1. Can you pull out every residue in the range 314-343 that is part of a loop (DSSP other than H, G, I, E, B), within 14 Å of the ligand (Cβ to nearest atom) and not small (Gly, Ala, Ser)?
2. Mind counting the residues in the range 100-141 that are hydroxyl-bearing (Ser, Thr, Tyr) and either at pLDDT below 95 or under 27 Å from TRP25 (Cα atoms) (or both)?
3. Where in the range 14-106 are there strands (runs of 3 or more DSSP E), lying wholly inside it, with at least 1 residues that are among the small types (Gly, Ala, Ser)?
4. LEU421: assigned by TED's automatic domain parsing to the domain that holds PHE329, under 17 Å from MET337 (Cα atoms), away from the ligand (no atom under 14 Å from the Cβ) and not small (Gly, Ala, Ser), yes or no?
5. Does PRO344 satisfy the condition of being touching a residue at least 60 places away in the same chain (Cβ under 8 Å) and surrounded by fewer than 24 Cβ atoms within 10 Å (Cβ to Cβ)?
6. Looking at the range 200-227, which of its residues are touching a Gly at 6+ places or on another chain (Cβ under 9 Å) and either charged (D, E, K, R) or free of Cβ contacts under 8 Å to residues at least 12 places away in the same chain (or both)?
7. Going through the range 238-284 one residue at a time, which ones are assigned to a helix (DSSP H, G or I) and either more than 16 Å from the ligand (Cβ to nearest atom) or not hydroxyl-bearing (Ser, Thr, Tyr) (or both)?
8. For PHE167, which of the numbered conditions (1) assigned by TED's automatic domain parsing to the domain that holds PRO395; (2) not in a helix (DSSP H, G or I) fails to hold?
Amino acid sequence: MPTEMVVNNLSEKGADYCDIRKEKWQETFITLKDGTLETVIQGEERGAMVRVLWKNGWGYAGTSEFETLARTADRALSMAKALNTCREGETGLSEVEIYDQEINIPMKENISDIDLEERISFLKDLEDRVNEPFVTSIELGYRDSIIKKEIVTSDGSRVRMEIPKVFVYMALLGKGDSIQHVLETAGSTGGFEVARHMYHKTDSALQRLNHLLKAKSSPSGVMPLLIDPILTGLFIHEAFGHATEGDIVTSGGSCLEGKLGQKVASEQVIIRDDPTLDGYGRFPFDDEGVKARNRTLVKNGVLVSYIVDRENGWKLGLESNGGARAEDFRVRPLVRMSNMVMEPGDKTFEELVEDVDRGIYAQSVKGGQANPAKGTFQFTAQVAHLIEHGEITHPLLNVSFSGSTLNSLENIRGIGKDFDLNASLCRKPQTVTVSGGGPHVLIDAVTVGGRS
Ligand SMILES: [Zn+2]
């Protein structure tokens, strides 16, 4: 039975709303460790998720057999009716524009034209490029996916899209006086050209590992902190971005609840989440069939929006801005980020460094956590340097920094004019691909704690 007919049947049976999301995934995953191929997986999967709203109850049912969609739809309807009887409070959906459109994200080098051997020899080539005497272990991973989706809603939208993605990581272990570890990644939507970006990152990975092997332990205290675009991306995603997700806001778990229209950052700060940007979090339509669009969240330091799907948009009195994303066809969509960025400012890197009498320059991510309800964060940089009298001096080990998200956004003293995006995965608990980025950012009065 055609998807539209299944949707129409559900509407005729009295469903207040329903949608069907059909997906096909083609994936390749390869890992290479110290010259040995550890993983080579190629696979294809497909499935569909039916979502039904009956009064205030949501029902969800999935199938991998498209032929049985009508029965799956009936299961979702029964579940929605059952859940309606035990759900308190009202459910609604914000109005959206209706689309009948297909948008495919282009590939410069089509993944399907690159055979498996070529993908493996690409990893071996990368390995050769970082095979230096001080590098004691090299681990490389490559993942590509081509995701085809069709979403049909009872409002009349029918959207189709193809999203190709590539991600490569490189983990290096080095030995000097101590043992150190660096991680480099490259990822975005697009074709095999995305993987080739890793060629431009091998030198900086080696340089960072070399710096770490010579690093001293970090000072601690409250001081200015200059962060690189990767840490800027991590900070605005983890410390700020999760607090802008509509479902977190409506469930009372966000430090930004009730703060629309209020100043939450220094005046020069612009933060936006943009699924139309060429990054790992790009998509043409969200998983409710709402067209992707830029979402400016902070403008001139003022919180101007949250990220919302249709239901949380309705609860907050906002139009959906395309915030619904599901990990795959097995699960329902949640409110998620895409490509979260801080807009560049007007300072050169040299001007930012010159502005610091004694502080830290931190680069890349080693780990960290943030609490969107309390609005606090703690991150560890992969590499850091001391800044003394406006100059970068010696490398430091294990620099971690922590603080209040909103205080730190308010304490931003300088924003660089450069820009970079970094691919990563966000877990909530479903995993989706995202990018985070921005310029170099100088923040005053950050608590830095060194560990030996
Ligand atoms: Zn996240």
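1. Matches in the range 314-343: GLU327, ARG336, MET337.
2. Within the range 100-141, residues that are hydroxyl-bearing (Ser, Thr, Tyr) and either at pLDDT below 95 or under 27 Å from TRP25 (Cα atoms) (or both) number 2.
3. Once the strands (runs of 3 or more DSSP E) in the range 14-106 are filtered for at least 1 residues that are among the small types (Gly, Ala, Ser), what remains is 36-54, 57-63.
4. Answer is yes for this residue.
5. So PRO344 passes the test.
6. Within the range 200-227, just LYS214 meets the criteria.
7. Once the filter is applied, which keeps residues that are assigned to a helix (DSSP H, G or I) and either more than 16 Å from the ligand (Cβ to nearest atom) or not hydroxyl-bearing (Ser, Thr, Tyr) (or both), the range 238-284 yields GLU238, ALA239, PHE240, GLY241, HIS242, ALA243, GLY246, ASP247, ILE248, VAL249, THR250.
8. Failing condition for PHE167: (1).
The values are calculated or read from the model by the stated rules, or taken from the named source; none is laboratory data. Treat the numbers as computed from the prediction; the structure is a model and nothing was measured. As a convention, Cβ positions derive from the backbone with ideal geometry for all residues, glycine included, and neighbour counts pool all protein chains shown.
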